[in-house]
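The values are calculated or read from the model by the stated rules, or taken from the named source; none is laboratory data. Just so it is clear, the model here is predicted, and its values are computed rather than measured. All Cβ positions, even for glycine, are placed from backbone atoms using ideal geometry, and neighbour counts span all protein chains on display. Heavy atoms of the whole protein, side chains included, go into the accessibility calculation; ligands, DNA and RNA do not. Shrake-Rupley method; radii C 1.70, N 1.55, O 1.52, S 1.80 Å.
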Amino acid sequence: MKLKDMNLFRQQAFISGQWVDASSKRTLTVNNPADDTRIGTVPALDAAQIKQAIQSAHEAFLLWREYTPLERGNILRRWQALIEENSDDIAAIMTTEQGKPLTEAKGEIAGGNSYIGWFAEEGRRLYGEIIPSPWPGKQPLTMKQPIGVTAAITPWNFPMSMITRKAAPALAAGCTMLIKPASKTPFSALALVELASRAGVPAGVLSVITGDSSVIGTELCNSDIVRKISFTGSTAVGKRLIAACAGTVKKVSMELGGNAPFIICPDADIDLAVDGTLKSKFRNAGQTCICANRIIVHESIHDTYVARLAEHVREIKVGNGMDAGVTQGPLIDRKAKESMEDFIADALSKGACLAAGGKASDLGGLYFEPTVLTGITTQMRVFREEIFGPICPVITYNEEKEAVALANDTEYGLASYVFTKDIGSFYRIASALEYGLVGVNEVGLATGEVPFGGVKESGLGREGGRQGIEDYVETKYILLGNLH
Ligand code: NAP
């Protein structure tokens, strides 16, 4: 990996402002999914080191909460500026460890940075209230206070933005944070924390702890110092963490899996819908929580839509994300590739047809052909489960109510999409969808300014928007009495 600043490539954990190795010297190896070469290692910290990191985050909290919101905001803005200045290097690190095309990595960095800029300002607007009193001589009021030491556990699919969505509101509110990045993509997180330190984030305020997820998860969940855990990842792990946090009655935020419906109404602009499908379904090789997972298209336009979509899908250039022109990188690991093969075999055995792709790419390794499947039914696994790969299943509907019923027929409720020109359809469908996010004729949903999050088994809480900082504060009620 060639970087302009090689100091951004760190192979140690960052605790209390220091770069540290594991006490045991044990490491975890990180490979490049594009060619399976070894990129480097990170320490496998032990329980005692995690405890130490939590303690230092607590000590740092006592100082950090005394900074004014303006001072904290200024530091965050410096962090944002440094990330922007170093975005070529961070993108190179991200593509090397995660596989996404370099242009997508840069897009993620710009999007992720929007959260830092937004929360640098929102921290200054954490207003309390002077409540009109129902009692003579008494005055109730509220103030918002940081909740304390927090922890973030993040996935590999967005190695940078899933961190900034959590760290920026936490730090802006006056909390400190321990970040446990995905073991497949720790180097983006380590570059971020190096830049945070250069920006003036004090020692212990933002730490990155690496190692076995079960060891770290147990320490974070059981600690009575850690007051909140914000998790982004699979619903299965999220449920385990919610249960584990019950013992200390910790606040939790959960950004979990999705099974996004993508409804295309009979009056929709078909080219716009095809473009939206390509951007939503195949971004990050289909490995995003808000990827279109089920295309629900009106039967009258199905054939035209599928023909146009398949034509464009065949033009997707699969390859190493570092190579110019590549629009789809490798999958994250062998398990993901096998999972795609299983999804396709299941659908074909139940009567689905292939309109494009359908197998591992001739390039070998972890590359997979962008695939379109038609003739989907609700019994197929591609309808019921989060695919998390470049397979686009298409199912038809006849009545609008049927489209909504199909869309809501899942335990998930993160992102959903509707393509229509009719204001009545838009309003009826968008209102009836049991989802936290609805894109109407648009698929690019996330940015610092808006509340992002799911309902049902897709999660708890919102990230971004004015709501995104609320999870990092407690509202304290104070009553002033005997004022006569
Ligand atoms: P994952 O397997 O749940 O892992 C996510 C994180 O949790 C990783 O850091 C992982 O560590 C850690 N982890 C795993 N088991 C743990 C345990 N027992 N205790 C504590 N931490 C544990 O998910 P993933 O495969 O990385 O990510 C894909 C999933 O994330 C998909 O379901 C996707 O939909 C979801 N996602 C949701 C959103 C959203 O905003 N709703 C955004 C992005 C992704 P290791 O890496 O060390 O295993």
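Could you please state how large a percent of the accessible area of the stretch 1-131 is carbon and sulfur, counting protein chains only and using a 1.4 Å probe?
Summing carbon and sulfur atoms, their accessible area is 50 percent of the total for the stretch 1-131.
Once you sort the root eigenvalues of the Cα gyration tensor of the stretch 1-132 as a ≥ b ≥ c, which label holds: rounded (a/c under 1.5), prolate (a/b larger than b/c) or oblate (the other case)?
Verdict is oblate for the stretch 1-132.
Compute the distance in nm between two label points, each set 7 Å from the Cα along the Cα-to-Cβ direction, one at Lys317 and one at Ile131.
In this crude spin-label approximation the distance works out to 6.1 nm.
Taking a ≥ b ≥ c as the square roots of the Cα gyration tensor eigenvalues, with a/c under 1.5 meaning rounded and otherwise prolate when a/b beats b/c, else oblate, which class fits the chain?
oblate
Assuming R0 = 22 Å, can you tell me the calculated FRET efficiency for the pair Lys350 and Asn408, based on Cβ-Cβ distance, to the nearest 0.05?
Computed FRET efficiency for Lys350 and Asn408 comes out at 0.50.
How much mean residue ellipticity at 222 nm does the chain get from its helices, if each DSSP H run of length 4 or more adds -39500 (n - 2.57) and you divide by all residues, to the nearest 500 deg cm²/dmol?
-12000 deg cm²/dmol
For labels at Met6 and Arg198 in the simple 7 Å Cα→Cβ model, what's the distance in nm?
Going from the Met6 label point to the Arg198 one covers 1.6 nm.
Would you mind computing, in nm to one decimal, how far apart the modelled labels at Glu299 and Arg38 are, each placed 7 Å from Cα along Cα→Cβ?
The answer from the label model is 5.8 nm.
Need one value: the accessible area of Val313 in square angstrom, 1.4 angstrom probe, rounded to the nearest 10.
Answer for Val313: close to 0 Å² accessible.
If each residue of separation counts as 0.36 nm, what is the full-extension length gain between Asn31 and Leu479 once their alpha-carbon separation is subtracted?
Difference between extended and current length: 155.6 nm.
By average Cβ neighbour count within 10 Å, what is the ranking of 262-272, 277-287 from highest down?
277-287, 262-272
How large is the dipole of the stretch 410-470 about the Cα centre if only Lys and Arg carry +1 and Asp and Glu carry -1, each at its Cβ, rounded to the nearest 20 debye?
160
So, counting K/R as plus one and D/E as minus one, what does the shell of residues with Cβ under 15 Å around Val226 add up to?
Cβ neighbours under 15 Å give a net charge of +2.
Tally Lys and Arg at +1 and Asp and Glu at -1 over the other residues with C-beta under 11 Å from the C-beta of Gly148: what net charge comes out?
Once all neighbours under 11 Å are counted, the net charge is +3.
Which three numbers, in whole Å and largest first, are the semi-axes of the equivalent ellipsoid of the stretch 180-236 derived from its Cα gyration tensor as √(5λ)?
The answer is 21, 16, 10 Å, longest axis first.
Report the local net charge at Leu8: Lys and Arg +1, Asp and Glu -1, summed over other residues whose C-beta lies under 13 Å from its C-beta.
-2
Can you give the accessible area per residue of the stretch 199-243, in Å², using a 1.4 Å probe?
Per-residue accessible area for the stretch 199-243 comes out at 34 Å².
Over 17 Å apart: what share of the alpha carbon pairs of the stretch 377-441 falls there, rounded to a whole percent?
The calculated P(r) of the stretch 377-441 puts 43 percent of pairs beyond 17 Å.
Is the stretch 298-343 rounded, prolate or oblate when judged by the Cα gyration tensor, a ≥ b ≥ c being the square roots of its eigenvalues, rounded requiring a/c under 1.5 and prolate requiring a/b larger than b/c?
Here the stretch 298-343 falls in the oblate category.
At a Förster radius of 30 Å, what calculated FRET efficiency corresponds to the Cβ-Cβ distance of Ala81 and Asn441, to the nearest 0.05?
0.30
Probe radius 1.4 Å, ligands and nucleic acids ignored: give me the carbon and sulfur share of the accessible area of the stretch 433-473 as a rounded percent.
Of all accessible area on the stretch 433-473, carbon and sulfur atoms account for 48 percent.
Of all accessible surface on the stretch 172-318 at a 1.4 Å probe, what whole percent is carbon and sulfur?
Carbon and sulfur atoms account for 54 percent of the accessible area of the stretch 172-318.
Considering the convex hull of the alpha carbon atoms of the stretch 231-282, report its projected area averaged over all viewing directions, in nm², one decimal.
Orientation-averaged projected area of the Cα hull: 5.0 nm².
Whole Å is fine, so just give me how far the alpha carbon centre of the stretch 101-121 lies from that of the stretch 278-357.
Centre-to-centre (Cα) distance: 25 Å.
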